[in-house]
Amino acid sequence: MGKAFRTLVGRPVDYRAANPCGPDKWQLLDQLTQAAETYELSHRTLTVLQALLTFLPTRHIPSGPAGIVFASNQRLSERLHGMPESTLRRHLAQLLRAGIVSRHDSPNRKRFAHSRGGEITAAFGFDLSPMVHQADAISLAATEAQARQEELLALRDEVLMLRATLMQGTGHKEQLAEVAKLLRRKADKTGLREMAAALKNLLKTGLEEASNTEEMSTPYAQNERHIQDSDIIHFDSEGQGACTPDRPQQVENNEAEKDQGVSLGQVLSSCKEHQSFFPETLRNWADVERISDKIAPMLGIDQPVMIDAKRIMGREAAAITVLCMLEKASAIRSPGAYLRRLTQMARDGAFSLKPMLMALANREIVS
């Protein structure tokens with residue numbers, strides 16, 4: 001018969017969990033952090049949960065009494081760098097309401113444990129086993145929260161690109177001020193979608209007005225614009241960049257130029273990060289596409305996603321998009337999902353390379 005003991009300050013120093021099986025406690029904590037909004041957990045509440053987890057000697061949450069933390073409020077407060085006990089009790093109550101932990105109380109509501117033969121046979125305190133039972137639900141909630149965040153980031157970037165396009169014209173000061181105000185705070189999905197729709201309507205109205213103006217212009221003005229446009233390096237159907245005379249029939253057959261009209265110089269001046277990996281000089285559009293095909297898997301973009309982007313956007317436009325994404329790689333959590341979102345925008349006719357390149361060239365303005 002081993003000698004039982006009773007303590008109010010935590011787990012014995014020589015304790016080892018008899019059953020280390022179960023989910024990784026730190027992975028569960030990370031997933032709960034991602035899904036904090038779903039479970040209505042604040043940052044401070046998660047910090048208290050982290051302190052509780054530190055009283056388990058293994059990375060796994062054991063089943064039975066070994067998974068019960070019986071540290072006193074004083075010990076917990078010490079691990080939380082002196083958090084007041086009133087605040088600690090409030091956050092512990094929040095964890096109980098969320099169903100992340102449960103109480104296993106003794107008759108006098110004290111926290112302690114009985115040990116026999118070096119193993120805990122009974123413990124009273126905060127039971128962490130609900131985290132194990134909800135591991136699948138927590139993982140799903142974290143995945144859904146990450147997807148929502150990625151969608152939110154894509155919508156925010158869409159608003160930024162539309163704003164950059166609107167800034168190319170004159171006026172619209174009131175609308176631009178509203179966009180700046182929206183982006184300064186934590187905007188929700190509905191607000192960003194409504195703002196994107198409003199900006200699209202403004203741009204559509206501006207294009208219609210510009211089209212009506214062009215129809216009323218003189219032949220001389222048309223010829224002057226024709227000469228100016230001929231200076232742009234166009235995307236040809238084979239992906240080669242060249243300075244060619246403007247031929248109306250060629251422009252009609254070139255999907256990338258008809259929708260984008262950007263030059264190789266604009267791309268190279270805005271996108272320079274690729275030089276860290278491939279210092280060679282990009283001399284034509286074939287080089288741009290070749291380098292982007294190498295960069296895409298480095299960013300974690302699957303081949304089917306890239307193929308779909310090329311099919312919808314066009315080969316050259318998809319290649320330029322990948323180079324632009326490399327410039328913002330640190331801010332894009334899931335490049336594959338981000339490119340799928342841009343591809344969907346291109347399918348809906350709401351995607352343009354010009355504002356994306358302008359946003360890169362004028363980062364201080366659009367930040």
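What follows draws every value from the coordinates through simple rules; no lab data is involved. As the structure is a prediction and not an experimental result, all values here were calculated from the model. Cβ coordinates were reconstructed from backbone atoms using ideal geometry, including for glycine residues, and neighbour counts include every protein chain displayed.
Distances between placed amide hydrogens fall under 5 Å for F112 paired with F124, all partners being 5 or more residues away or on another chain.
For S330 and E119, the difference between the fully extended length at 0.36 nm per residue and the C-alpha to C-alpha distance is 71.2 nm.
For the pair Q74 and R185 in one chain, pulling the backbone fully straight at 0.36 nm per residue adds 36.1 nm over the alpha carbon distance.
Applying a threshold of 28 Å to the alpha-carbon distances of K186/K354; K272/K310; K186/K294 flags K186/K294 as lying beyond it. Taking the average, over residues, of other Cβ atoms within 10 Å as the packing measure, peptides 333-346, 90-103 rank 333-346, 90-103 from highest down. Once the Cβ-Cβ distance of I307 and A361 is raised to the sixth power relative to R0 = 25 Å, the FRET efficiency obtained is 0.30. For the pair A197 and L152 in one chain, pulling the backbone fully straight at 0.36 nm per residue adds 14.7 nm over the alpha carbon distance.
Given R0 = 45 Å, the distance between the Cβ atoms of N108 and E37 translates into a calculated FRET efficiency of 0.75.
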